[in-house]
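The values are calculated or read from the model by the stated rules, or taken from the named source; none is laboratory data. Note that the structure is a prediction, hence the values are computed from the model and not measured. A quick note on method: Cβ atoms are made from the backbone with ideal geometry, for glycine too, and the neighbour counts reach across all protein chains shown.
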Amino acid sequence: MTHSSIHLASCEIQSQVSLAEMTTFRVGGPAEWFIAPKDLTALQASYAWAQEQQLPITFLGAGSNLLISDQGLPGLVISTRHLRQQTLDPETHQIIVDAGKPLPRLAWQAAKQGWSGLEWAVGIPGTVGGAVVMNAGAHGGCIAECLLEAHVLQADGSIQVLTTEQLAFQYRSSILQRQPQAVIQAVFQLQSGQSAAQVKATTQTHLDHRLSTQPYDWPSCGSVFRNPLPRTAGWLIEQTGLKGYQLGGAQVAQKHANFILNAGNATATDIFNLIYYIQQKVEDNWSLLLKPEVKMLGEFPQIT
Ligand SMILES: Cc1cc2nc3c(=O)[nH]c(=O)nc-3n(C[C@H](O)[C@H](O)[C@H](O)COP(=O)(O)OP(=O)(O)OC[C@H]3O[C@@H](n4cnc5c(N)ncnc54)[C@H](O)[C@@H]3O)c2cc1C
């Protein structure tokens, strides 16, 4: 594999960068071109460069909801993980925060102020940008309930403010999944009225619950399938007898059946094949097709 880089005025775009380290599954091939801009100017410049070159563009946060193909991704991959500025407004209890801020850190910062609304987010290892795109949620809360607006980069380089109505949030979904645009900033509206000790205690309770019920010590993407309410995907997979089932290096977690673990040297193909196998078995037993929540990017093998 040959490596090279493109130098623009404000940043450097590198070729053939492994994406396995950029995802929590720790699998995936290289990006043809990659940048993790340090500021908005570099993001705008790299975005404009990819448009000039007519390259496909993929946005990445912390890669905690992604299965990236072993073949990697064509075009430019832009990770917003290094955009982390923020402002807390004590008058309005609003937090204006860049897309790369890790959700757990944001949840703790809000809790220390005694501002409630983000306690549920403490165990989600994604960034603000990915959480807005996914309408991430847990413990009965979600992004749609505490977000005021998101700022996105448009094709002409300008910034557009999208309200929650315009973001068209649904269960683990937003309009940005159908019309990808770079989220660069988000504004959260939090609530006062509780003491910092109370908000911190709720936040800690949520974290403790997750650590005791979910396998955080192995690479994964969290829940693989959406919950086909009123049932949960984990319950259906467990009832199908698949806990601990392994294909290549990919394993259905013992601790939580809706988690697939990279149990050592898994490939994206192993994980993809296990997702397909689970779908088949659950459909045979329950006449119900589980829909993946994890986003699959790049080429995957044809299943016959
Ligand atoms: C252990 C574990 C537990 C988890 N628990 C939960 C949970 O309880 N609830 C939950 O909802 N999720 C959970 N997740 C999944 C994941 O953390 C969330 O979906 C999270 O919001 C993804 O954020 P990210 O920054 O990692 O996004 P990525 O995985 O990098 O990307 C997700 C999507 O957002 C897009 N995207 C990312 N950043 C940007 C940006 N700046 N601009 C435009 N598009 C962007 C990507 O193109 C992709 O389509 C869990 C994951 C793990 C590993």
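Quick notes on this one:
- Identity of the residue in the range 4-27, outside any loop (DSSP other than H, G, I, E, B) and more than 16 Å from the ligand (Cβ to nearest atom), that ends up farthest from D70 (Cα to Cα): H7
- Close pairs (6 angstrom Cβ cut-off, 6 or more residues apart or separate chains): of a type in the set (D, E) in the range 270-285, not in a helix (DSSP H, G or I) anywhere: D270/L247; D270/G248; D270/G249; D270/A250; E283/L289
- Meets criteria (crowded, with 17+ Cβ neighbours inside 10 Å, more than 11 Å from the ligand (Cβ to nearest atom) and among the aliphatic types (A, V, I, L, M)) for L176: no
- Residues of the range 152-168 satisfying the condition of being at negative phi and surrounded by fewer than 19 Cβ atoms within 10 Å (Cβ to Cβ): Q154, A155, D156, S158, I159, Q160, V161, T163, E165, Q166
- If you go through the range 275-289 and keep only what is closer than 24 Å to P125 by Cβ and more than 16 Å from the ligand (Cβ to nearest atom), you end up with just I278.
- For the range 144-214, the strands (runs of 3 or more DSSP E) that sit wholly inside it and include 3 or more residues that are in contact with a Ser or Thr (Cβ under 8 Å, 6 or more places away or on another chain) are 147-153, 182-189.
- As for the range 286-301, it holds at least one residue that is part of a helix (DSSP H, G or I) and either surrounded by 19 or more Cβ atoms within 10 Å (Cβ to Cβ) or not assigned by TED's automatic domain parsing to the domain that holds N65 (or both).
- Residue satisfying all of: in the range 1-14; among the polar types (S, T, N, Q) and either modelled with pLDDT under 85 or touching a His at 6+ places or on another chain (Cβ under 6 Å) (or both); farthest from T127 (Cα to Cα) among these: T2
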